[in-house]
Amino acid sequence: MEVQWIGVQPLRLGTPNVAFNLIFSLLFGVWSAQALEMSVGKIPFLEAVNGSTVVLPCTYASCIGIKNLYFNWQFNDNGTMIKVCESVIASEGVKPDVSIYRERVDFVGKNHENNISIMLWNITFEDGGQYTCFGRNPKEKDKNHSAIFHLIVVDELRVVDNTLTIMIASAVGGAIALLMGFMLLKNLTLFILAKLEEKNKECLVTSSGIDNTENGLSGSKADSKPTPKKK
C-alpha cells in the first residue's frame, strides 16, 4: 500500500548562494556583537569656560576581551589630526603607560573600568574643537572603532532663560485646573438635577393620592355607602 503525503513539502534552503548568505549573516551578526566599541557617553559635547579644567570621557568595551589594545586621542586642528596621547593596554587590569604629546594634558583613565579618559588643564579658546577617541583590538583581528567628542570654550556660561518654559508650564497647569473645576461643577450639577428629579417624582405620587381621595375613588374615605335593599 502506498502512502501519499498531501500538502507536506520538504524544507529547502534554495540555491547554495542563499544558504551561504544566511550562514554568513548569522556569523556576521555574532561577530558584530563582539566587536570593539568606543564611547564618549550619551552627551558627546561639553561647554566650558576659558581657563577651567575639563575631562574628556572615553571608555571601551569588547565582549571577548582585549589583548594589546591600542588607543589614542586626536585633536582636529582645522582639518589636521594632531595626536594628543597614545598607549597600549596589554590585557584587562593592566594600567597603561601613556605617551602624551600635548601640554596641559593628563591621562586619568582607569583600566579596570575600561576608562581611557583624559583631562585638559587651563583650557584656552584654541583647545576648543573636535577630539577623537580611537581604539584597535588585535584580539578581534585588529577590529577598530572611534568616537568623537566636541569641546566648546566660551567666555562665560550662558544663563538659560526659563521664562518661556515657565509660561508654558503655567498655561498647562491653568488649563488642567480649569478642566478639573469644570468636571467637578458638572458632577455637582448632575447630582443636584438627580435629586430634584427624585423629589419631583415623590411630589407626583403624593399629588396623585390626594386627587384620588378628593374625587371619591375606590380606596378613599369618600367611598359612598351601599344602598340598602328594600324588603
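The values are calculated or read from the model by the stated rules, or taken from the named source; none is laboratory data. None of these values were measured; they are calculated from a predicted model. Glycine also receives a Cβ, built like all others from the backbone with ideal geometry; neighbour counts cover every protein chain displayed.
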Return the only residue of 141, 199, 186 being among the charged types (D, E, K, R), more than 29 Å from the chain's Cα centre (by Cα), at pLDDT below 80 and over 30 Å from residue 48 (Cβ atoms).
199
Options 70, 101; residue that is modelled with pLDDT of 95 or more, over 18 Å from residue 119 (Cβ atoms) and in contact with a Lys or Arg (Cβ under 8 Å, 6 or more places away or on another chain)
70
Residue check, residue 78 closer than 23 Å to residue 128 by Cβ and modelled with pLDDT under 95
yes
Selection within region 59-89 - closer than 25 Å to residue 123 by Cβ and either in contact (Cβ under 8 Å) with a residue 40 or more places away in the chain or not assigned by TED's automatic domain parsing to the domain that holds residue 44 (or both):
59, 60, 71, 72, 73, 74, 75, 76, 77, 81, 84
Count - residues of region 116-150 that are under 25 Å from residue 97 (Cα atoms), in contact with a Leu (Cβ under 9 Å, 6 or more places away or on another chain) and touching a residue at least 60 places away in the same chain (Cβ under 8 Å)
17
Do you know which residues across region 90-113 are part of a loop (DSSP other than H, G, I, E, B), in contact (Cβ under 8 Å) with a residue 40 or more places away in the chain and either surrounded by fewer than 19 Cβ atoms within 10 Å (Cβ to Cβ) or out of contact with any strand residue (DSSP E or B) (no Cβ under 9 Å at 6 or more places or on another chain) (or both)?
108
